[in-house]
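The values are calculated or read from the model by the stated rules, or taken from the named source; none is laboratory data. It should be emphasised that the depicted structure is a prediction, and the values quoted were computed from it without experimental measurement. Here Cβ is always computed from backbone atoms with ideal geometry, including for glycine, and neighbour counts include all displayed protein chains. All accessible areas refer to the heavy atoms of the entire protein, side chains included, with ligands and DNA or RNA removed. Shrake-Rupley method; radii C 1.70, N 1.55, O 1.52, S 1.80 Å.
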Amino acid sequence: MVQVFLFGLVTALATGLGAIPFAFVRSVSPRVVAYTNALASGLMLGASFGLLAEGAEFGRLATLIGANLGVLFVLVAGKLLGDHELEFGAVRGEDARKMTLIVLVMTVHSIAEGVAIGTAFAGGTTLAIVITAAIAVHNIPEGLAISAVLRPRGASIAACAGWSIVSSLPQPLLAAPAFLFVGTFSALLPYGIGFAAGAMVFMVLVELLPEAFEAGRRSTIALLVSVAMVTMVLFQQTL
Amino acid sequence: MDPILVVLVFATLAAFTAPLGILPLRSRTAVPPAWLGWANALAAGFMLGAAYVIAETALVAHPVRAAAGALLGIAYTHLSHRASGVGDIDLNRLDEVDPTYGYRILFVSGLHGAMEGLAIGLAMLESLPFGILVALAMAVHNVPEAAVLGSVLRSSGLGPVRTAGLAVAANIGQVLLAIVAFAIVPAVPGLLPWAFGFAVGGLTYLAFSELLPEAYDRAGPVSIALVTSVATGFVVLLRGIVR
């Protein structure tokens, strides 16, 4: 039990590594925002592909229902966040809304991942270290996606790493109960997986891409999104 | 019916819906821009859904070869857009009279048609009923595409019959590529993951380089995101139902 939690914690800490490449990004020009948005979009779409393919094995309809709930979640959360005067560190207004939303969406998506870790452990603990290592590696590009949204809007590198780790904390917290009550949780898993994928895809479509197309070249954005997506899928399918 | 005939019939049907897009132009009522945006979003969703289903088959079995194929598809589409100078032009301008704009639109329609044909052929390989559904989705998508093409060509002084002919001609590569993909890909050992990957790369690149940016220009992001995700989910769900 404690072991499952600790393994989950290691995977959460790995997410913070995704912030490192952004130590070199300082410019806050709209063009940089456009291209980092495109990068985050590709990574999130690639991650959603992996989730949907996994969810389809458990139940296609349940995954799709979950995905619809995920879309609804982003719609409602985006609307509610827009109604409040938000502050994200020293950042305010529309940027702060987008930063809060990405952390929220990625945190919610980690819930499903945490359940997946827990149920995987229940299958047998001999492969525990391999599974943990694989998920830890998967988390690094997720930290990259979060930092790609936070950093060009004025967050410090420490804040990028910190929020990346926070977004992954549901993994250890949910891995343990999922391991204990595997029957209940594995029935909920396809809904959770669908929810995570739906929320990420909709976040990309409604927040990240429209903003990217306003400031960047279409062909460059398309190139960044599609290459990041394919790389992410390859990364997840082979590791 | 012989499977290859099924491919021929439905790919042809998809190409020949194009003149339907020209009909509303005769009534001289303007198409509201938001409708064009939603039509683009619908097309983007269909393309992404088809790409997802094709990727699901290929990437899980041969991730490295399929991903390499996808990168090739992205590079090919990106470079052909760049080389022909259509990389960043707006394709939905209904008021444009410059003839070179018309040619560019024709070229891009042809390029889209080729990629859609590849998708139809490969979807038919997945299963015939699913391939038919993808062909029908592409047929629906060709209508608004032809509406734009048609209005551009009409405004440069072309008659309705020739406009309809050119709209079909721009899509005819689709029929050829659907049949070629269906017949040749399974016959060449080891080609399957590469071809599937190539189609996935090309389809996603087109969705993000043209369909989505043009959609966002014409309607609010929430409605565009909803139409796109529902269309994607629709194709993915159909794959689950039609085995």
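Key figures for this structure:
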{"quantity": "Angle between chain A longest axis and helix A:60-82 axis [Cα atoms, degrees, rounded to 10]", "calculated": "40"}
{"quantity": "Full-stretch length increase - A:PHE24, A:LEU180 - with 0.36 nm per residue and alpha-carbon distance subtracted", "calculated": "51.9 nm"}
{"quantity": "Cβ-based net charge around B:ASN40, under 10 Å, with every Lys or Arg adding one and every Asp or Glu removing one", "calculated": "-3"}
{"quantity": "Unit charges on C-beta of K, R, D, E only; dipole of segment A:69-190, Debye", "calculated": "100"}
{"quantity": "Charge dipole of segment A:121-239 about the Cα centre (unit charges at C-beta), most positive-ward option of A:PRO190, A:VAL206, A:PRO141", "calculated": "A:PRO141"}
{"quantity": "Estimated vicinal HN-Hα couplings, Hz - segment A:212-225 in sequence order (Karplus 6.51, -1.76, 1.60; Gly, Pro = x)", "calculated": "4, 5, 5, 10, x, 6, 4, 5, 5, 4, 4, 5, 4, 4"}
{"quantity": "Label-point separation, B:SER127 to A:VAL137 (7 Å along Cα→Cβ), nm", "calculated": "3.3"}
{"quantity": "Segment B:93-223 - percent of accessible surface contributed by carbon and sulfur, probe 1.4 Å", "calculated": "73"}
{"quantity": "Separation in nanometres of the label points that stand 7 Å from Cα toward Cβ, at A:GLU57 and A:ALA187", "calculated": "2.2"}
{"quantity": "Accessible area of the protein assembly as shown divided out per residue, in Å², using a probe of 1.4 angstrom", "calculated": "39"}
{"quantity": "Extension gain from B:ILE4 to B:ALA169, taking 0.36 nm per residue of separation minus the Cα-Cα distance", "calculated": "57.3 nm"}
{"quantity": "Carbon plus sulfur fraction of accessible area for segment A:159-239, probe 1.4 Å, in percent", "calculated": "74"}
{"quantity": "Spin-label pair B:VAL188/B:LEU237, simplified geometry with 7 Å Cα→Cβ offset, distance in nm", "calculated": "3.7"}
{"quantity": "Test item: Cα-centred dipole of chain B, Lys/Arg +1 and Asp/Glu -1 on Cβ, debye", "calculated": "240"}
{"quantity": "Interface area, B with A, accessible, probe 1.4 Å, both sides summed, Å² nearest 100", "calculated": "3000"}
{"quantity": "Acute angle (nearest 10 degrees) that the helix B:33-61 long axis makes with the longest principal axis of chain B, alpha-carbon atoms", "calculated": "10"}
{"quantity": "Net charge, A:LYS98 excluded, C-beta distance under 9 Å - Lys, Arg +1, Asp, Glu -1", "calculated": "-2"}
{"quantity": "Euclidean distance between Cα centres, segment B:149-204 to segment A:56-74, Å", "calculated": "33"}
{"quantity": "Positive-pole candidate from A:HIS84, A:ILE20, A:VAL105, dipole of segment A:1-121, charges at beta carbon", "calculated": "A:ILE20"}
{"quantity": "Computed FRET value (nearest 0.05) for A:GLU87 with A:ARG217, which takes r as the C-beta separation and R₀ as 41 Å", "calculated": "0.80"}
{"quantity": "Stretchable slack from B:PHE107 to B:VAL230, in nm (0.36 nm times residue separation minus alpha-carbon distance)", "calculated": "41.4 nm"}
{"quantity": "Efficiency of FRET between B:ARG82 and B:VAL180 - r from beta-carbon atoms, R0 30 angstrom, step 0.05", "calculated": "0.75"}
{"quantity": "Sum of side-chain charges, B:LEU192 neighbourhood, beta-carbon under 15 Å (Lys, Arg +1; Asp, Glu -1)", "calculated": "-1"}
{"quantity": "Dipole magnitude of the protein assembly as shown, debye to nearest 20 (Cβ charges: Lys/Arg +1, Asp/Glu -1, about Cα centre)", "calculated": "340"}
